[in-house]
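Everything on this sheet refers to the single structure shown next.
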Amino acid sequence: MVVQHNLTAMNSNRMLGLTTSSLAKSTEKLSSGYKVNRAADDAAGLAISEKMRRQVRGLTQASTNAQDGISCVQTAEGALNEVHDMLQRMNELATKAANDTNMSEDRSYIQS
């Protein structure tokens, strides 16, 4: 018995496998929307992409931290404004109480 080889069929089968693999990769890229889906696609591109993603996340967090700091300063400013208003009122009442035209009963009302 003689074993015969059909080289044309074997080559066609190999090319079909390569084409199917290439089609699967292209479909994966199209469906995901990313140029690089895994390190095997483009290792350098993936490294650059991941570095940029880290930078974006870091900058986003820095922006959030800055907004939190601004909110904290605004809260402190509100408290200082309240203290300032109280001190102004105390000054006003002290000046009013120091007026010699007030009687002692009037002064006690002003001081309370």
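Below are the figures for this structure:
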{"quantity": "Segment 31-68, subset modelled with pLDDT of 85 or more and among the hydroxyl-bearing types (Ser, Thr, Tyr), residue nearest to the chain's Cα centre (by Cα)", "calculated": "60"}
{"quantity": "Some residue of segment 9-32 being part of a helix (DSSP H, G or I) and closer than 30 Å to residue 109 by Cβ", "calculated": "no"}
{"quantity": "Selection count, segment 43-100, where residues are among the charged types (D, E, K, R) and either in contact (Cβ under 8 Å) with a residue 40 or more places away in the chain or outside any helix (DSSP H, G or I) (or both)", "calculated": "1"}
{"quantity": "Per-region count, segment 42-55, residues among the β-branched types (Val, Ile, Thr) and surrounded by fewer than 10 Cβ atoms within 10 Å (Cβ to Cβ)", "calculated": "0"}
{"quantity": "Test: residue in segment 35-42 that is within 30 Å of residue 21 (Cα to Cα), of a type in the set (A, V, I, L, M) and without any contact (Cβ under 8 Å) to a residue 12 or more places away in the chain", "calculated": "yes"}
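For every residue, the table says whether it meets (1) surrounded by 10 or more Cβ atoms within 10 Å (Cβ to Cβ); (2) among the β-branched types (Val, Ile, Thr).
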{"position": "4", "(1), (2)": "no, no"}
{"position": "10", "(1), (2)": "yes, no"}
{"position": "22", "(1), (2)": "yes, no"}
{"position": "57", "(1), (2)": "yes, no"}
{"position": "101", "(1), (2)": "no, yes"}
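The values are calculated or read from the model by the stated rules, or taken from the named source; none is laboratory data. Note that this is a predicted model, so its numbers are computed, not measured. All Cβ positions, glycine included, derive from the backbone under ideal geometry; neighbour counts span all protein chains shown.
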